[in-house]
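Participant: The structure follows.
The values are calculated or read from the model by the stated rules, or taken from the named source; none is laboratory data. Just so you know, these numbers come straight off a predicted model, no measurement behind them. Heads up, the Cβs are rebuilt from the backbone with ideal geometry, glycines too, and the neighbour counts pull from every protein chain shown.
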Amino acid sequence: MINVIGLGYIGLPTALMMASHGVEVVGTDYNASLVATLNAGHTTFKEEGLDELFAEAAAAGIRFTTEYQVCGTYIVSVPTPYDKVDKKIDPSYVVSACRTVLGVAPQGAVLVIESTVSPNTIDRFVRPLLTEAGRQDVSLVHAPERIIPGNMVHELVHNNRTIGADDPEVGERVADLYASFCRGEIAITDIRTAEMTKVVENTFRAVNIAFANELAKVCRVGGMDVYEVIRIANKHPRVNILQPGPGVGGHCIPVDPWFLVGDYPETANFIRLALQTNFSMPEYVLRRAHEAMAERGIADPSRVGVYGLAYKEDVDDVRESPTLQLLGAQAEHLCGAPMRVYDPWVEADVVPNQVHSMSEFLDGLEMVIVMVGHSEIKGRPELFGDRILIDPRNVMGDGANVYKL
Ligand code: SAJ
């Protein structure tokens, strides 16, 4: 039996995937209301294919509880936030979950940590727990997740994976467990390399997006079309530049690289600059909107609305969302009343002035800042009528009313 600890964005799909591939799984979460929702047969967030996977796992007998189980293998996938001031990882959820596991785990159990952690976190914070509890019999493994929200179910099956283990034989056993559903290649290495690899992957993406964002600013000053420049540059066989945008959100790309900056402040300068560049984008969009308002003679900020609150298209997740950053910048510069916000994916009330229908949103607006290119509006500027569109995602096509980054 496998006990998956933490039933959030990663733990839940992983638990469901294993259960639907013949593994006996119990999912544990300390949040009783989340467990009750799952036991009532409902998923807790929207994700392509998740409901179908849930039904398969339920039919295969997956169980959900707040209790840790007595079993041979534990998979910990709890959040690892970072301290916004010193930029270091906050391992407290991982530590507390591992400590509880060590209290119940039988002799020789395997403790797999899936949560993203910065290099050395397991040595510094988890390994001492084994010593403290006199549980050197427990094997530690780090198996960082790699799936992208919006395509999680597909990527769980098809992505390559990394397993870091002290003992390669234990690494092989854990690789076999993941191979129950994973068709990608599974690389086995040591724990520190696995930790570093995961953070490096997200840092690579952050740096690449920062480069695209800087190019967008350079092209604006120089009067060039950044999208055309990137499109053509990417035809070179060894160039692959990502897309500029209104900022970088989610729980990974704007967060994980800070672990390196926090731990290596004297050395990780280039990474710090990339993060700052990405972080400057929501305010840059706000300035673009102000320029467009001046040009079009819109004086009243209550006539400007923001479409999109999720951190990217076709997800309902608002963590570190560029829209929240933009609204924060607006409040900080005291430029008018809070803008009206609408996102068809986000049902919860997250910000003041949030509305829940497109018609209510558009009523009385002259300008819309399109912060997220959800599928329902992508390539369909007509849905916004003849309103002026600020389009930092480049999803509204070209037109006299469309302002790009
Ligand atoms: N973004 C851009 N331009 C782009 C691509 C993305 O501005 O060209 C923005 C998005 O709009 C979003 C942010 O970046 O605001 C991050 O989105 P994302 O789709 O790049 O990544 P995440 O955070 O959804 O998922 C990432 C993935 N990592 C990599 O691709 C290296 C995923 O595989 C990881 O599992 C995940 O982080 C994680 O949990 O670490």
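The rows are residues; the columns are (1) within 30 Å of Pro344 (Cβ to Cβ); (2) assigned to a loop (DSSP other than H, G, I, E, B).
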| residue | (1), (2) |
| --- | --- |
| Leu38 | yes, no |
| Gly41 | yes, yes |
| Phe45 | yes, yes |
| Tyr93 | no, no |
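Participant: Could you please let me know if Val126 is away from the ligand (no atom under 16 Å from the Cβ), in contact (Cβ under 8 Å) with a residue 40 or more places away in the chain, within 30 Å of Tyr264 (Cβ to Cβ) and among the hydrophobic types (A, V, I, L, M, F, W, C)?
Facilitator: Criteria not met by Val126.
Participant: Continuing with this model, one more query. Inside the stretch 105-121, can you point out the residues that are of a type outside the set (Val, Ile, Thr) and free of Cβ contacts under 8 Å to residues at least 60 places away in the same chain?
Facilitator: If the condition is that a residue be of a type outside the set (Val, Ile, Thr) and free of Cβ contacts under 8 Å to residues at least 60 places away in the same chain, then Ala105, Pro106, Gln107, Gly108, Ala109, Leu111 are the ones that fit.
Participant: Output yes when any residue across the stretch 275-298 is in contact with an Asp or Glu (Cβ under 8 Å, 6 or more places away or on another chain) and not β-branched (Val, Ile, Thr), and no when none is.
Facilitator: Yes.
Participant: How many residues are more than 8 Å from the ligand (Cβ to nearest atom) and buried (at least 24 other Cβ atoms within 10 Å of the Cβ) if we restrict to the stretch 312-324?
Facilitator: Number of matching residues: 1.
Participant: Right, next: Scan Val341, Val261, Val306, Val285 and give me the residue that is in the same structural domain as Pro392 (by TED's automatic domain parsing) and farther than 21 Å from Leu389 by Cβ.
Facilitator: Val261
Participant: When you scan the stretch 251-267, do you find a residue that is within 22 Å of the chain's Cα centre (by Cα) and free of Cβ contacts under 8 Å to residues at least 60 places away in the same chain, even just one?
Facilitator: There is at least one residue in the stretch 251-267 that is within 22 Å of the chain's Cα centre (by Cα) and free of Cβ contacts under 8 Å to residues at least 60 places away in the same chain.
Participant: Here is a list: Glu291, Glu266. Which entry is in a loop (DSSP other than H, G, I, E, B), at pLDDT 90 or above, surrounded by fewer than 17 Cβ atoms within 10 Å (Cβ to Cβ) and not aliphatic (A, V, I, L, M)?
Facilitator: Residue meeting the stated conditions: Glu266.
Participant: Where residues in the stretch 149-158 are within 11 Å of the ligand (Cβ to nearest atom) and assigned to a helix (DSSP H, G or I), which of them is nearest to the chain's Cα centre (by Cα)?
Facilitator: So, considering only residues that are within 11 Å of the ligand (Cβ to nearest atom) and assigned to a helix (DSSP H, G or I), the one nearest to the chain's Cα centre (by Cα) is Met152.
Participant: Further question: Does the stretch 159-198 hold any residues that are in contact with a Cys (Cβ under 8 Å, 6 or more places away or on another chain) and either away from the ligand (no atom under 16 Å from the Cβ) or part of a helix (DSSP H, G or I) (or both), and which are they?
Facilitator: Listed by number, the list is empty, since nothing qualifies.
Participant: I would also like to ask the following. State yes or no: is Leu309 touching a helix residue (DSSP H, G or I) at 6+ places or on another chain (Cβ under 6 Å), crowded, with 22+ Cβ neighbours inside 10 Å and closer than 22 Å to Thr44 by Cα?
Facilitator: yes
Participant: Specify which of the listed residues (Ala40, Ala36) is closer than 28 Å to Leu102 by Cβ, hydrophobic (A, V, I, L, M, F, W, C) and surrounded by fewer than 16 Cβ atoms within 10 Å (Cβ to Cβ).
Facilitator: Only one candidate qualifies: Ala36.
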